[in-house]
Amino acid sequence: MKSFEKWETEELILTFGIKPKNVMQKMQIWLEANFSCNETEQIIIDDLRNRLLYFVDYWNEQDLKSFFILPIINMIDFSKLTKYRTFMEHTFAANLKDINGNEVNLRGRVEMVVATGEQRPRIPFFFLNEYKAQLKAITDPKGQLLVAMLAAQTKNNGINLPIYGMYNIGQNFFFLILEGDEYAISKQFDATDKQDLEKIISMLKFVKNHIENFINQLK
């Protein structure tokens, strides 16, 4: 069994045959999301951006998560009682077939996943992983996020859903989509930049809207 943190992007491509795409329609739609903030939300994100500008060079990973990322997640509120919620520090395990048909055991802990379920994740929609401090980004956070998303596909019980993800390196945020064996990654968004931070918020709101639409179809 190989834990998530030991996987790198190229190794995932060679082992499982996943394919990076420069152009993916669902990523383009996500990037074009235009969800605005109300006045209260704007006050919150302006305060968070100023806090990040001042502290980003000093914060460790836990600081960055606690004082910047989680306040944004809480503001958007990825939850609906009995329908879906945010799970923190949850362990995923899966058995996948490599390109030669051999079984590969995967296991690891993810920082955050939004999924159906009350006690444990059932159908995963969105992952936020690897809160890397700027000066300590020496591993492959994209690979670690991708392997978690690959493992999550096995929990969707044949439902053909794209899985969304986000990771950061300090103030820089990146978005990923995994659909089948293809994935795409966004450009870098700098959360200290007002326009970039508003785009980050808009893309997160798009994910919530996507989840709500899916949940409504289950009724």
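Read-outs throughout are calculated quantities, based only on the coordinates presented, and are distinct from any laboratory measurement. These numbers come from a predicted model, not from an experiment. Here the Cβ is made from the backbone with ideal geometry for all residues, glycine too, and neighbour counts use every protein chain on show.
Just to check I understand the Karplus step: with θ = phi - 60° and J = 6.51 cos²θ - 1.76 cosθ + 1.60, what whole-Hz values come out for segment 21-26, glycine and proline as x?
Result, rounded to whole Hz: 10, 6, 10, 9, 4, 5.
In Å and whole numbers, how far do the C-alpha atoms of segment 2-217 stretch along each principal axis, longest first?
Rounded to whole Å, the extents work out to 52, 42, 35 Å.
Just to verify a number: FRET efficiency for residue 26 and residue 217, C-beta to C-beta distance, R0 = 22 Å, to 0.05?
0.80
Per DSSP H run of n ≥ 4, the term is -39500 (n - 2.57); total these for the chain, divide by its residue number, and report the mean residue ellipticity at 222 nm rounded to 500 deg cm²/dmol.
So the helix-based figure for the chain works out to -11000 deg cm²/dmol.
Measure nothing but the geometry: give the 0 to 90° angle between the long axis through the Cα atoms of 141-153 and the longest principal axis through the Cα atoms of the chain, rounded to 10°.
60
Kindly work out what percent of the DSSP beta bridges joining two residues of the chain are antiparallel, to the nearest 5.
75
For residue 104, list long-range residues whose amide hydrogen, built 1.01 Å from N in the peptide plane, is under 5 Å from its own amide hydrogen.
96, 97, 98
How large is ³J(HN,Hα), in whole Hz, for each residue of segment 68-76 in order, when computed from phi with the Karplus curve 6.51 cos²θ - 1.76 cosθ + 1.60 and θ = phi - 60°, using x for Gly and Pro?
10, 5, 5, x, 5, 4, 5, 5, 6
Mind listing the long-range amide H neighbours of residue 112? Cut-off is under 5 Å, sequence gap 5 or more, other chains count too, H placed in the peptide plane at 1.01 Å from N.
It is 89, 128, by chain and number.
Return the FRET efficiency for the residue pair residue 193, residue 70: r is the Cβ-Cβ distance, R0 is 25 Å, and the value is rounded to the nearest 0.05.
With R0 = 25 Å, the Cβ-Cβ based efficiency is 0.75.
In degrees from 0 to 90, rounded to the nearest 10, what is the angle of the helix 39-55 Cα long axis to the longest principal axis of the chain?
Relative to the chain, helix 39-55 is tipped by roughly 80 degrees.
With a cut-off of 13 Å, note down the residues of segment 68-84 whose backbone N falls inside the zone around a label point 7 Å from the Cα of residue 40 toward its beta carbon.
75-77
If the cut-off is 17 Å between C-alpha atoms, which aspartates and glutamates fall inside it for residue 2, apart from same-chain ones fewer than 8 positions away?
10, 11, 98, 103, 140
Return a whole-number percent for the relative contact order of the chain, with Cα pairs under 8 Å and 6 or more residues apart as the contact set.
Relative contact order comes out at 26 percent.
I need the phi-derived Karplus couplings for segment 185-202: 6.51 cos²θ - 1.76 cosθ + 1.60, θ = phi - 60°, integer Hz, Gly and Pro marked x.
My calculation for segment 185-202 gives 10, 7, 5, 7, 10, 8, 6, 7, 8, 4, 5, 5, 5, 5, 5, 4, 4, 4 Hz in order.
With respect to the cross-link table entries 80/194; 21/199; 83/199; 26/199; 83/155, which display a Cα-Cα separation exceeding 18 Å?
Too far apart for the 18 Å limit: 80/194; 21/199; 83/199.
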